[in-house]
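Taking it in order: structure first as structure tokens, then the write-up.
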Amino acid sequence: MSGVVASTERAGIAKSAVLRRLPLLLVGAAFLGVLLAMPHTGPLFAWAFPGTIPPVYDRGSFVALAASHLAIVGIAVGAATFCGGAAAIVVTRSWGASAAPPVQLITSVGQSFPPAAVLAVLVPMVGFGAVPTVLALFAYGLLPITENMEAGLRAVPAPVKEAAAAMGFSAWRTLLLVELPLAWPQAFSGILTAIVVSLGTATIGSTVGALTLGTPIIDGLVTNKPGFVLQGALPLAMLAVLKELAFARPRR
Amino acid sequence: MIELRHLVKTYGDVAVVRDVSLSAPEAAVTVLLGPPGSGKSTILRMINRLIPADSGSVWIDDEDTAAIHPEALRRRIGYVIQGVGLFPHWNVARNIATVPALLGWPRKRIAARVEQLLDMVNLPPDRFAEKRPSELSGGQAQRVGIARALAADPSLLLMDEPFSALDPVTRRDLQQAFRRIQRDTGKTVVFVTHDLEEALLLGDQVALLRDGKLIQHGPPLQLLEHPADDFVADYFGGAAAGLRRLTLLSAASRAVPGEAGGARLPAQASLHDALEAMLSRGTESVALEGGGVVTLKALLA
Amino acid sequence: MKSSGWPEAAASLAGALLAGFAGFLAVAPNRLSPASPVGLFATGTGFAPFIPLGLLLVAGCLAWRRPRTAGAVCVVLIWLLLLAAGDGADMLLRHAPKPTRVSFGGGFWLLLALCALLVAETQRLAGAGPRLRVATAVLVLAGLAAIAATHRLAGLSLLREYATHRAAFHAAVGRHLLLVILTLAGALLLGLPLGLAAWRYAKLRAPIFGVLNVVQTVPSVALFGLLMAPLSAAGLGGIGVVPAVIALVLYALLPTVRGLFAGLRSVDAAPLEAAAGMGMSASQVFLNVHLPLAAPALFAGLRVVLVQTIGLAVVAALIGAGGFGEFVFQGLGQYALDLVLLGALPATCLALAADALLMLAADTIRARVA
């Protein structure tokens, strides 16, 4: 009897979770649909912007652009998570406390640099393409990731750490089995913030030759093809809505 | 004089104030006493119309407050709250000058008034006028709060648990300072507290409330000696009522001619003070300033 | 937090090594060709040895707990770096053909960043107040301006780009500032009522913040693009200052609204009740008490608006709004990287200056309110 109640309850919870996620799933499906359908919209854009040849951006598939976009963000945020996480661990150890202010200065000072300027300045050092974009996104991602990871680690109650030490845990074990798991939720919200910011900023990378969903827009602006601009802007706007639906809670 | 006539306030289904009628006499302190949620703060806020009454009326000097514009009404009434509520971005002098400035007093008159008030609450103007609220201790902040409420010389003062957040020593200090100021200025005061000791110490009249209803109203001694029901008797301390009573009776009223050793108690000391002096000195009589002694026998009579 | 300064000392030592090996300048046969690095000592400038020596001195001062001296040396080092770059460029150009260009190399940038960070860090270690920090920044900039005024840097490619684009550069400064000022005005005009509405009416809160959040996450490039079609249809033109300012205001709304809303919400209830209890009217309570107490958060929001707008205005050059971005994209298009720098560098400086000034202003206001 109680088993039946529990299972119907569980079904109810699962159903409401799906319902809550429904807008996200719908927009996600629409986003993929737009990416796949874009190459076949030639007649539509030919009618809307007559004289543009070709009517639809054709120097790469939209799916490939999206994949490259995501890969750039993934590599940058991954690297920032690794470095920022390591920095946060160092500055929360007793021997690394002196490094906390300089780390904070370095991670925060970059935030006020205009992304377009940073990308442009990186080009003479590392050349055109995805590399300057990855480097810039890495730099912008460091602050939220390090800050949240550090806050998460500092929030671990001292008695918990003391108890771990009293039970014979080494410092390393305490970090791995106690501190990191407890700090994870907050650290994760920092990573999400970095992802959300990076997904948008990556677009500017197209101005220095990175392949992203912004590439058709830049191409359209440079060669004066408003159709291209719209073809790039539409999936990007959908991506923005998608981000908001997926990550809205941790960003507040 | 303030008269509350059949005040009622309901939030949703919850009756917070139920048909309360009460009059607070001129130049006296009327304490609204009761446990949390008894409606005492709501009643206070209905007097200066921060909370509108559902029905009933408040009359000040035979004038219905409903006929007065609420902002004009509030400028005539001093108001002191528990959190003090000093404006953190203004210095002490400007905080005190708030209502006079609202009333458009000339600058010179305001400055003179601020100085006078700071003196009255024992904060030397040259040291405190320019300070920011963040630089004050809790007791100093509440002194400024009282000065601010008295700034435009209102005849009526409303006080909502003004001393509850202070430590016991500071609280005792401020209670005495307040009592002195009230006697000197002759203000009519309505004072909200949940603290019985404070009510007995400060109140000329005490109104005991429970669940939005007025249970008993009168001089503190009357509530202590003739409680209307078990709730009042209980609230007034049951077994400790005898000791409490002593705090309300003046030592001078039981004085007999004679002499006794040791320091003299001040003329306005209570019988409680006299008993304490006897206990600590191990004697059976203490002398009062202005002549006479109180003996243990007279005290017990 | 007590700090020993060992990370700063270690960084100075690393910098001293870096000065010896990394490419300090970069030489190219002409304006558009790829450049090859030249080490600090290879440039032949007489200033070269002083830079690693200075950094060693900084490391020594930090090891002996003399952060003030270390900071002073760092300030001088910043000037020395620029002098060495200018002098090195002159030396390299002395026997080179006329189209040869000399630019800053990676080593120069890293050393400059290191010295700037060390100035900030030594000030923290010395416990410097905000006034000293501002005075130091002004001193450093005044020194840089004085060095530039003596034409000692004229050999550097960046300055030669400036010389050829002088008029356009000055126009770009004006245009960039115009974009920022118009955006700030628009953000205040629309954002303050919206923030007020969000605070006053709980029902409006979710829709206002929901829409502004989505707008904020639409990439700038996409928003500029999306606005082109409707604006040109409305007769405002899809390119130029107007669509740029519209897009920039849309981005500026979220931080403005959030700043005002958070500020109004953060105010303690007691002063507000006291103000009402003393007979202030609703608008008097709001203007005299509530708004001043909400000001720090509002200012923090406006700081985000300014920094963000200065940065996004660079991108606005893509839709013909002008400003520093014009040099950036023109330079990227021609692969004339010093032209890129002519746009990117002042935009960055402007953003950093705005950031520092507003942070100082917000701190001052917060100190008054707290």
statement: Expected vector for segment C:161-177, Karplus 3J(HN,Hα) from phi with 6.51, -1.76, 1.60 and θ = phi - 60°, integer Hz, x for Gly and Pro, equals 5, 4, 4, 6, 10, 3, 5, 5, 5, 5, 5, 5, 4, x, 5, 4, 5
field: Where Rh is the Kirkwood radius over Cα pairs, Rg/Rh for segment B:186-301
entry: 1.05
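Let me check something: with ligands and nucleic acids excluded, how do B:ARG245, C:ARG65 order by accessible area (1.4 Å probe), largest to smallest?
On the way: B:ARG245 80, C:ARG65 155 Å².
Largest accessible area first, the list is C:ARG65, B:ARG245.
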task: Give a residue-ordered list of calculated ³J(HN,Hα) values for segment A:89-96 (Karplus: 6.51 cos²θ - 1.76 cosθ + 1.60, θ = phi - 60°; whole Hz; x for Gly, Pro).
output: 5, 4, 6, 8, 7, 5, 7, x
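Calculate, for B:ASP204 and B:ASP167, the FRET efficiency according to 1/(1 + (r/R0)^6) with r their C-beta to C-beta distance and R0 22 Å; round to the nearest 0.05. Before the final figure, lay out the partial values.
Working: r = 26 Å, r/R0 = 1.20.
So the FRET efficiency works out to roughly 0.25.
Based on the alpha carbons, how large is the Rg to Rh ratio for segment B:1-141 when Rh follows Kirkwood? Working shown, then result.
Values: Rg = 17.8 Å, Rh = 17.3 Å.
Here the Rg-to-Rh quotient is 1.03.
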statement: Quick shape summary for chain C, equivalent ellipsoid via Cα gyration tensor, semi-axes whole Å in descending order, reads 44, 30, 15
query: Carbon and sulfur atoms: what percent of the 1.4 Å accessible area of segment B:2-240 do they account for?
result: 49
J(HN,Hα) series, segment C:317-329, from Karplus relation 6.51 cos²θ - 1.76 cosθ + 1.60, nearest Hz, glycine and proline x: 4, 4, 9, x, 7, x, x, 4, x, 4, 5, 4, 6
statement: proj_area_mean for segment B:249-300 (convex hull on C-alpha atoms), units nm², value 2.9
message: Using C-alpha positions alone, give me the convex hull volume of segment C:6-155 per residue in cubic angstrom.
response: 98
- request: Can you pull out the buried accessible area for chains B and C, both sides counted, probe 1.4 Å, rounded to the nearest 100 Å²?
  value: 1800
- prompt: Which one of B:HIS194, B:HIS217, B:HIS226 has the biggest mean-square fluctuation once chain B is modelled by GNM with Cα springs under 10 Å?
  reply: B:HIS226
statement: For C:GLY240, the residues 5 or more places away or on another chain with a placed amide H closer than 5 Å to its own amide H are C:GLY320, C:ALA321
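How much accessible area per residue does chain B have, counting only protein heavy atoms and a probe of 1.4 Å, in square angstrom? Provide the component values of the computation, followed by the final result.
Numbers: 13620 Å² over 301 residues.
Dividing the accessible area of chain B by its residue count gives 45 Å².
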statement: Listed by chain and number, the lysines with an alpha carbon less than 20 angstrom from that of B:LYS9, same-chain partners under 8 positions apart left out, are B:LYS40, B:LYS213
query: Given H placed on each backbone N at 1.01 Å, which residues far from B:GLY292 in sequence or on other chains put an amide H within less than 5 Å of it?
result: B:GLY258
- prompt: Which residues' amide hydrogens lie under 5 Å from the amide hydrogen of B:VAL206, considering only partners 5 or more residues apart or on another chain, with H built in the peptide plane?
  reply: B:VAL31, B:GLY218
message: Just to check, using Stokes-Einstein with a Kirkwood Rh over alpha carbon pairs, what's the diffusion coefficient of segment C:166-369 at 4 °C and 1.567 mPa s in µm²/s?
response: 70
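Would you mind getting the accessible area per residue of segment A:121-252, heavy atoms of the protein chains only, 1.4 Å probe, in Å²? Intermediate results must be reported in sequence, preceding the final value.
Details: 5530 Å² over 132 residues.
On a per-residue basis, segment A:121-252 sits at 42 Å².
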Heavy-atom accessible surface of chain C: percent carbon and sulfur, 1.4 Å: 72
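For A:VAL18 and C:ALA126, what is the calculated FRET efficiency with R₀ set at 41 Å and r taken between the beta-carbons, to the nearest 0.05? Provide the component values of the computation, followed by the final result.
Numbers: r = 59 Å, r/R0 = 1.43.
With a Förster radius of 41 Å, E is 0.10.
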- line: A:LEU25 and B:TYR11 label points (each 7 Å along its Cα→Cβ direction) are spaced in nm at 4.2
- prompt: For all pairs of alpha-carbon atoms in segment A:85-127, what percent lies in each bin of width 5 Å, listed from the first bin to the last filled one?
  reply: 5, 20, 19, 14, 14, 14, 10, 4, 0
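Once the cut-off is 26 Å, how many percent of the Cα-Cα pairs in chain A end up in the long-distance tail? Can you show the working numbers first?
Numbers: 17109 of 31626 pairs.
For chain A, the share of Cα pairs beyond 26 Å comes to 54 percent.
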Fraction of the pair-distance distribution of the protein assembly as shown above 57 Å, Cα-Cα pairs, percent: 33
- prompt: Given the convex hull over the Cα atoms of segment B:2-240, what projected area results after averaging over all orientations, in nm²?
  reply: 13.5
- request: Between A:LEU105, A:LEU143, A:LEU65, find the one with the highest GNM mean-square fluctuation for chain A; connect C-alpha pairs within less than 10 Å.
  value: A:LEU105
task: First measure r as the distance between the Cβ atoms of C:VAL173 and B:SER253, then evaluate 1/(1 + (r/R0)^6) with R0 = 51 Å and state the FRET efficiency to the nearest 0.05.
output: 0.05
query: Spin-label point model (7 Å from Cα, Cβ direction): what's the A:ALA48 to B:LYS213 distance in nm?
result: 7.3
- prompt: In nm, to one decimal, how far is the B:SER23 label point from the C:SER36 one, both placed 7 Å along Cα→Cβ?
  reply: 10.7
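The values are calculated or read from the model by the stated rules, or taken from the named source; none is laboratory data. The model shown is predicted, which means the values in this text are computed figures rather than measured ones. FYI the Cβ positions are ideal-geometry reconstructions off the backbone, even for glycines, and counts take in every protein chain you see. Heads up: the accessible areas ignore ligands, DNA and RNA and are worked out on the full protein's heavy atoms, side chains in. Shrake-Rupley method; radii C 1.70, N 1.55, O 1.52, S 1.80 Å.
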